[in-house]
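Right, one structure below, let's go through it.
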Amino acid sequence: EGKDIFEITDFDRYADGYTDLCEVGEDQAYVAYYSKDGMISVIHCTADGLGTKVASVAYNSYGGPNAAYLSFTDEKHGYLLYCSDPGAGMMTKVLWTTSDGEKNYTLVGDLTADIENYPSDIAFRDVDNGMILVTNHGAEAYAYLTKDAGKTWTSYEVDQYKNCNYINGVSIQPDEDGTSWNLTLEIVANAGSNTVTYHSDDDWKSWTIK
């Protein structure tokens, strides 16, 4: 049975208590959430229950909050993706990075024009190579890749799907060994939807269905 190790008490109630957790190793994690002070707060948590707020990132100039996603490649290097409430179908997406795991988050850029649809997950396998998954909102893409630490992004296909209406990116997560990855997609067709998980052990060069 699980147990509470840390309680967050300053959620922004207007952001629906949204949180994202990124594990780093076996005994620590970073958590991002929207706090009452109008910031994206990042907490560093350890398995023994110690939690420390290490960063507060301003987002007010980009619109109201919808979601925030974290990805750390190690204890120091990480990325934070902000997604606004969509207005007239447009969702603002802004990416920051940290190299100290603490309070210093540097703006990488506004990805709104580069990333179509609505982000659903983010993962970086090292400081340069990352992926953003998205859910469908009119555009065909369901995944985007960067090879330059988030500065530029290109649409990416894991497999060829021809007899479907659209594809939603669901999640991308490393295996426990830290060297292989699992990527889950939702394939939506007239007959219904089907969830498929792919596995890669060659740095995302190829994927096989699990």
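Pick out the one residue from 202, 159, 121, 175 that is over 22 Å from residue 80 (Cα atoms) and either touching a His at 6+ places or on another chain (Cβ under 8 Å) or open to solvent by less than 50 Å² (accessible area, probe 1.4 Å) (or both).
On the way: 159 fails: either touching a His at 6+ places or on another chain (Cβ under 8 Å) or open to solvent by less than 50 Å² (accessible area, probe 1.4 Å) (or both); 121 fails: over 22 Å from residue 80 (Cα atoms); 175 fails: over 22 Å from residue 80 (Cα atoms).
So the residue among 202, 159, 121, 175 that is over 22 Å from residue 80 (Cα atoms) and either touching a His at 6+ places or on another chain (Cβ under 8 Å) or open to solvent by less than 50 Å² (accessible area, probe 1.4 Å) (or both) is 202.
Taking strands (runs of 3 or more DSSP E) that do not extend beyond region 14-103, which have at least 2 residues that are free of Cβ contacts under 8 Å to residues at least 40 places away in the same chain and loosely packed, with under 13 Cβ neighbours inside 10 Å? Break it down stepwise before answering.
Details: elements: 19-24, 28-34, 39-46, 51-58, 65-72, 78-84, 93-98.
Result: 51-58.
How many of the residues making up region 104-118 are under 25 Å from residue 203 (Cα atoms), open to solvent by less than 40 Å² (accessible area, probe 1.4 Å) and touching a residue at least 40 places away in the same chain (Cβ under 8 Å)?
Matching residues across region 104-118 total 2.
Sort out which residues of region 127-140 are surrounded by fewer than 16 Cβ atoms within 10 Å (Cβ to Cβ) and modelled with pLDDT under 95, and write them in order of number.
Going through region 127-140, the residues surrounded by fewer than 16 Cβ atoms within 10 Å (Cβ to Cβ) turn out to be 128, 137-140.
Listed by number, the residues that qualify are 137, 138, 139, 140.
Taking only region 157-179 into account, find how many residues are under 16 Å from the mean Cα position of the chain (by Cα) and closer than 18 Å to residue 134 by Cβ.
Counting residues in region 157-179 that are under 16 Å from the mean Cα position of the chain (by Cα) and closer than 18 Å to residue 134 by Cβ gives 6.
Looking only at region 182-199, count how many residues are open to solvent by less than 50 Å² (accessible area, probe 1.4 Å) and out of contact with any His (no Cβ under 7 Å at 6 or more places or on another chain).
Going residue by residue through region 182-199, those that are open to solvent by less than 50 Å² (accessible area, probe 1.4 Å) are 182-185, 187-189, 192, 196-199.
Add one more test, that the residue is out of contact with any His (no Cβ under 7 Å at 6 or more places or on another chain), and what stays is 183-185, 187-189, 192, 196-199.
Count: 11.
If only one of 143, 149 is over 16 Å from residue 73 (Cβ atoms), open to solvent by less than 30 Å² (accessible area, probe 1.4 Å) and among the small types (Gly, Ala, Ser), which one is it? Steps first, please.
Numbers: 149 fails: over 16 Å from residue 73 (Cβ atoms).
Within the list 143, 149, the selection yields 143.
Counting only residues that are assigned to a loop (DSSP other than H, G, I, E, B) and of a type in the set (Val, Ile, Thr), how many does region 126-169 have?
Here is the first cut: in region 126-169, the ones assigned to a loop (DSSP other than H, G, I, E, B) are 126-129, 136-142, 147-153, 156-165.
Retained after the next criterion (residues that are of a type in the set (Val, Ile, Thr)): 127, 152, 158.
Looking only at that region, the number is 3.
The values are calculated or read from the model by the stated rules, or taken from the named source; none is laboratory data. Computed from a predicted model, the values in this text were never measured in an experiment. Note: ideal-geometry Cβ built from the backbone for every residue, glycine included; neighbour counts use all protein chains shown. Ligands, DNA and RNA are stripped out before the accessible areas are found, and what is left, the full protein with its side chains, is counted by its heavy atoms. Shrake-Rupley method; radii C 1.70, N 1.55, O 1.52, S 1.80 Å.
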